[in-house]
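Below is one structure; the comments refer to it alone.
The values are calculated or read from the model by the stated rules, or taken from the named source; none is laboratory data. Quick caveat: nothing in here was measured; it's all calculated off a predicted structure. So basically every Cβ, Gly included, is an ideal-geometry build from the backbone, and we count neighbours across all protein chains shown.
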Amino acid sequence: MKSAPFSYHAPASIAEALVLKAAHSGNSAILAGGQSLMPLMRFRIANPANLIDINRIDELSYIRRVNGTLTIGALTRHADVLASTAAQVAAPLLVEAVGHVGHAQIRHRGTIAGSAAHADPSAEIPAALMALGAQMQCSSRSGTRSVPAEDFFMGPFSTAIADNEILTEVRIPEWPEGTGSAWLELTRIYHGFPVVGVGALIHISDGTIDRASVGMCGMAGTPIVSEAATAALVGNAPSTELIEDTTSTAIDGLQPPADVHGSTAYRLRAGRAYIKRTLTAAIRNAGGVV
Amino acid sequence: MSTQKVEVTVNGTSYHAEVDPRLALVDFLRDELGLTGTHTGCEQGVCGSCTVLVDGTSVLSCLMLAVQADGTEISTVEGLSRGEQMHSLQEAFWEKQGLQCGYCTPGMLMRAKEILATNPIPTAAEVREGIAGNLCRCTGYQFIVESILDAADRANA
């Protein structure tokens, strides 16, 4: 199937792109890597009258470490993140999650910001950004606002990006040195979409967990971060009992939507197994013995 | 819906065209340039049969617009052989039976070309990981992996 017709715009600067987005507010889509948008357009699920292609905006492609924050531009591709020493040092959880995204050809074109803006509740990147406590920089002609990841993902394929805005940058606060992280996911086929995915960050100080975060995909209508898991972990020494208790706390109250890849009950069981495994791996990577 | 100018170099030959912006790169290659070696499979980024190299990097040509290829150099399966002389990958696929129906083969070959360009002596596991985005419904992949490893041996002999 072929896309419906559209007007094509290829701005050369962020400023030009923002003018176009404002002019075609409500009737346009941003084309970054196109690995999610193009299939939607081919199925005619997405039929934007105006397609604003940001691939000619070189100033949107970067990975930088600024004052303890990793900043990633809207055109930075998954493959760029995988190859980046800065990203590996500043946010190893993100790099590990990116390694699970699609396959090589997808990672060559697809972008971090594009995956965030697409907001698939079963995708890796939104859940990793939730776990990492990322800030999403939404820009319009009148300026840029910073939206925390937990306010950004509003529903399945729905974000806080306003009609006249473009997600121009993702900011990831660096965790302290010695932080252990892990991303694990259950897929139906090799490198397929996760049925359930879990990302965890753990920092241990003097034998006690003093910082922790657990993000998940496939467990709700949006990516989620478990405040209950953080509360259960912080202040305690790592142990298998703590992992068991935290896993139960994190699963409690979740009602993952059923689809062809897994019923609600299946996702709850898979989620339980994957939270446990991911916590164990992250604690070990943080130097904890479990 | 005005047309857009596209200037591309495909397998060393430059082309100038006016295209509808919604035209996918794979359809441009096949229908406008007559380069039907690149196959259209799923048209949604799942099967990898439309894989071509854009400025040396493998991409799915069904998920890229022709207009986005403006100014790039593209390599397709037609560019592999030198006249009657097959590329070492093609010879290896031929001898090791790396294809049956042949539908996935153009995409497999182009992805394999990139794998060997970035990692000239890959392990079998690296080849399997490398072709994870290219579906084959005939071979069960074993002969394809052996073909790519054989091509690596030929190139390094």
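Criterion first (within 28 Å of residue A:263 (Cα to Cα), surrounded by fewer than 24 Cβ atoms within 10 Å (Cβ to Cβ), within 14 Å of chain B (Cβ to nearest Cβ) and in contact with a helix residue (DSSP H, G or I) (Cβ under 8 Å, 6 or more places away or on another chain)) does residue A:100 satisfy it? Can you show your working first?
Working: within 28 Å of residue A:263 (Cα to Cα): yes; surrounded by fewer than 24 Cβ atoms within 10 Å (Cβ to Cβ): yes; within 14 Å of chain B (Cβ to nearest Cβ): yes; in contact with a helix residue (DSSP H, G or I) (Cβ under 8 Å, 6 or more places away or on another chain): yes.
In short, yes.
Taking segment A:233-268 as the region of interest, how many residues are surrounded by fewer than 20 Cβ atoms within 10 Å (Cβ to Cβ) and closer than 22 Å to residue A:156 by Cα?
Of the residues in segment A:233-268, 14 are surrounded by fewer than 20 Cβ atoms within 10 Å (Cβ to Cβ) and closer than 22 Å to residue A:156 by Cα.
Would you kindly identify the strands (runs of 3 or more DSSP E) lying entirely within segment B:1-94 that contain at least 1 residues that are of a type in the set (Lys, Arg)?
The strands (runs of 3 or more DSSP E) meeting that bar are B:4-10.
Hey, does segment A:134-156 have a residue that's part of a loop (DSSP other than H, G, I, E, B), buried (at least 18 other Cβ atoms within 10 Å of the Cβ) and not hydroxyl-bearing (Ser, Thr, Tyr)?
Looking for residues that are part of a loop (DSSP other than H, G, I, E, B), buried (at least 18 other Cβ atoms within 10 Å of the Cβ) and not hydroxyl-bearing (Ser, Thr, Tyr), one finds at least one in segment A:134-156, hence yes.
Being more than 28 Å from residue A:102 (Cα to Cα) and not basic (Lys, Arg) is the filter here; which residues of segment A:18-48 pass it?
Hits for segment A:18-48 are A:18, A:19, A:20, A:22, A:23, A:24, A:25, A:26, A:27.
What number of residues in segment A:169-190 are out of contact with any Asp or Glu (no Cβ under 8 Å at 6 or more places or on another chain), under 16 Å from residue A:125 (Cβ atoms) and surrounded by 17 or more Cβ atoms within 10 Å (Cβ to Cβ)?
5
Kindly indicate whether any position in segment A:104-113 is outside any strand (DSSP E or B), under 19 Å from residue A:155 (Cβ atoms), touching a Gly at 6+ places or on another chain (Cβ under 8 Å) and not assigned by TED's automatic domain parsing to the domain that holds residue A:184.
So far as segment A:104-113 goes, yes, one or more of its residues are outside any strand (DSSP E or B), under 19 Å from residue A:155 (Cβ atoms), touching a Gly at 6+ places or on another chain (Cβ under 8 Å) and not assigned by TED's automatic domain parsing to the domain that holds residue A:184.
It is to be established whether one or more residues within segment B:28-49 are under 15 Å from the mean Cα position of the chain (by Cα), modelled with pLDDT of 95 or more and closer than 23 Å to residue A:12 by Cβ.
Looking for residues that are under 15 Å from the mean Cα position of the chain (by Cα), modelled with pLDDT of 95 or more and closer than 23 Å to residue A:12 by Cβ, one finds at least one in segment B:28-49, hence yes.
Would you be able to tell me the number of residues in segment B:29-52 that are within 12 Å of chain A (Cβ to nearest Cβ), of a type in the set (A, V, I, L, M, F, W, C) and crowded, with 24+ Cβ neighbours inside 10 Å?
Qualifying residue count for the region: 2.
State whether one or more residues within segment B:76-87 are surrounded by fewer than 20 Cβ atoms within 10 Å (Cβ to Cβ), away from every other protein chain (no Cβ under 14 Å) and on the phi > 0 side of the Ramachandran plot.
yes
Which condition from (1) closer than 20 Å to residue A:195 by Cα; (2) buried (at least 23 other Cβ atoms within 10 Å of the Cβ) is the one that residue A:95 breaks?
Against the list (1) closer than 20 Å to residue A:195 by Cα; (2) buried (at least 23 other Cβ atoms within 10 Å of the Cβ), residue A:95 comes up short only on (2).
When the residues of segment B:55-68 are filtered to those that are more than 9 Å from every other protein chain (Cβ to nearest Cβ) and without any contact (Cβ under 8 Å) to a residue 40 or more places away in the chain, which remaining residue is surrounded by the most Cβ atoms within 10 Å (Cβ to Cβ)?
So the residue we want is B:61.
Please go through segment B:139-157 and pick out each residue that is within 16 Å of residue B:102 (Cα to Cα) and at pLDDT below 95.
B:139, B:140
Would you point out the residue of segment B:95-150, among those that are part of a helix (DSSP H, G or I), among the aliphatic types (A, V, I, L, M) and surrounded by fewer than 18 Cβ atoms within 10 Å (Cβ to Cβ), that is nearest to the chain's Cα centre (by Cα)?
Among them, the one singled out is B:117.
How many residues does segment A:77-103 contain that are in a helix (DSSP H, G or I) and in contact (Cβ under 8 Å) with a residue 60 or more places away in the chain?
Within segment A:77-103, residues that are in a helix (DSSP H, G or I) and in contact (Cβ under 8 Å) with a residue 60 or more places away in the chain number 6.
Any idea which of A:129, A:201 is part of a strand (DSSP E or B), crowded, with 21+ Cβ neighbours inside 10 Å and of a type in the set (A, V, I, L, M)?
A:201
For segment A:49-61, enumerate the residues that are touching a strand residue (DSSP E or B) at 6+ places or on another chain (Cβ under 6 Å), more than 9 Å from chain B (Cβ to nearest Cβ) and not hydrophobic (A, V, I, L, M, F, W, C).
Answer for segment A:49-61, where residues must be touching a strand residue (DSSP E or B) at 6+ places or on another chain (Cβ under 6 Å), more than 9 Å from chain B (Cβ to nearest Cβ) and not hydrophobic (A, V, I, L, M, F, W, C): A:50, A:61.
Can you pull out the residues in segment A:27-48 that are of a type outside the set (A, V, I, L, M, F, W, C) and more than 9 Å from chain B (Cβ to nearest Cβ)?
Matches in segment A:27-48: A:27, A:28, A:44, A:47, A:48.
Take residue B:104 and tell me if it is under 17 Å from residue B:142 (Cα atoms), within 14 Å of chain A (Cβ to nearest Cβ) and modelled with pLDDT of 95 or more.
yes
Would segment A:110-122 turn up any residue that is touching a Lys or Arg at 6+ places or on another chain (Cβ under 8 Å), buried (at least 20 other Cβ atoms within 10 Å of the Cβ), within 14 Å of another protein chain (Cβ to nearest Cβ) and of a type outside the set (D, E, K, R)?
For segment A:110-122, residues touching a Lys or Arg at 6+ places or on another chain (Cβ under 8 Å), buried (at least 20 other Cβ atoms within 10 Å of the Cβ), within 14 Å of another protein chain (Cβ to nearest Cβ) and of a type outside the set (D, E, K, R): present.
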